[in-house]
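Please treat every number below as a calculation from the coordinates, not as lab data. Computed from a predicted model, the values in this text were never measured in an experiment. For neighbour counting, all protein chains shown are included, and Cβ atoms are generated from backbone atoms with ideal geometry for every residue, glycine included.
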Amino acid sequence: MGNIKQLIEQFHKYYYNSKVWTNGNTTWLGYPILKNPLDLFLYQEILYSVQPDIIIECGTYKGGSALFLCSILDSIGKGQVLSIDISLKDNLPIHERLTYFQASSTSDEAIKKVKSMVKPTDSVMVILDSDHSKHHVLTELKHYHSFVTTNSYLIVEDTNINGHPVFETFGPGPMEAVDEFLKENTNFTIDESKHKFLISFNPRGYLKRRK
């Protein structure tokens, strides 16, 4: 079993360091999307299961992931995406289900925008993919976890950095923020079923709200 784990980690590092998933090498409908395709498959499973009315995405980059989410929501026939970024780029994708908001994800302005869009009866899902420092991610977790509805997900991206198993020199990041968050938030648990493809850029980052 130890050898299998080592092989998985080696391939994870090889794939990550190849940069095939970045620099415009991987796209969704022509827009760069910095994601592991196995995680995208998990996303569509989650979206179909949860049937969210609104997805809050912190971190837009070039909009590929927001467009991917909208594409899946089109297939489901419901849902909106609010994508928040401190600096929105030019030529972002346009979609009727997609709203952009320029602000720091942890700012009062961003929180007010989310509150203005979320209705009391909405099913809400949150994806954190902006500044990956532990402090910032932990602040996002504290601000956004209350928006996530029961049986929906709070997804923390790039928990694989800082040696989990890639980018060993990054320093405390998303994984460390998740560990600290879960010590005080028992309403959320790590959905172990999301490790089924063996390689994910978000290990232990698929947090499901149980109550």
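Quick notes
- The stretch 120-165 shape via C-alpha gyration tensor axes, a/c threshold 1.5: prolate
- In degrees, nearest ten, helix 134-144 long axis to first principal axis of the chain (Cα): 40 degrees
- Candidate cross-link partners of Lys142 among the aspartates and glutamates, defined by an alpha-carbon separation under 17 Å and a same-chain spacing of 8 or more, comprise Glu57, Asp108, Glu109, Asp129, Asp131, Glu157, Glu176, Asp179, Glu180, Glu184.
- Sequence-ordered 3J(HN,Hα) estimates for the stretch 72-79 from the Karplus curve with 6.51, -1.76 and 1.60 and θ = phi - 60° stand at 5, 4, 4, 5, 6, x, 6, x Hz, glycine and proline given as x.
- Using a Gaussian network model of the chain in which every pair of alpha carbons under 10 angstrom is joined by a spring, one finds that among Glu57, Glu45, Glu96 the greatest mean-square fluctuation is at Glu96.
- With Cα atoms, 0 to 90° folded angle of helix 2-18 axis to the chain main axis: 60 degrees
- Listed peptides 205-211, 29-35, 10-16, 137-143 appear in the order 137-143, 205-211, 29-35, 10-16 once ranked by packing, highest mean of other Cβ atoms within 10 Å at the front.
- With both labels modelled 7 Å from their Cα along Cα-to-Cβ, the Glu96 to Val20 distance reads 3.7 nm.
- Per-residue ³J(HN,Hα) for the stretch 90-102, Karplus 6.51 cos²θ - 1.76 cosθ + 1.60, θ = phi - 60°, Hz, x for Gly and Pro: 6, 6, 6, x, 10, 8, 5, 8, 10, 10, 9, 9, 8
- Candidates Pro52, Pro174, Pro120: whichever shows maximal mean-square fluctuation once the chain is modelled as a Gaussian network with Cα springs under 10 Å: Pro120
- Over the chain: helical MRE at 222 nm, DSSP H runs n ≥ 4 each giving -39500 (n - 2.57), nearest 500: -11500 deg cm²/dmol
- In order along the stretch 59-66, phi translates into HN-Hα couplings of x, 9, 6, 9, x, x, 5, 4 Hz, rounded to whole numbers, per the Karplus curve 6.51 cos²θ - 1.76 cosθ + 1.60 with θ = phi - 60° and x for Gly and Pro.
- Taking amide H atoms as placed 1.01 Å from N in the peptide plane, the amide H of Thr27 lies under 5 Å from those of Ile33, each 5 or more residues away in sequence or on another chain.
- Partners of Lys35 within straight-line reach, counting lysines whose Cα lies under 16 Å from its Cα and excluding those fewer than 8 residues away in the same chain: Lys13, Lys19, Lys62, Lys194.
- Both radii are taken from the alpha-carbon atoms of the stretch 3-100; with Rh as the Kirkwood radius, Rg/Rh is 1.03.
- Span per principal axis, largest first, for the Cα atoms of the stretch 112-211 (Å): 41, 29, 22
- Looking at the stretch 1-142 alone, DSSP beta bridges between its own residues are antiparallel in about 10 percent of cases.
- Result for the chain in a Gaussian network model with C-alpha springs under 10 Å: among Ser146, Ser193, Ser123, the largest mean-square fluctuation is at Ser193.
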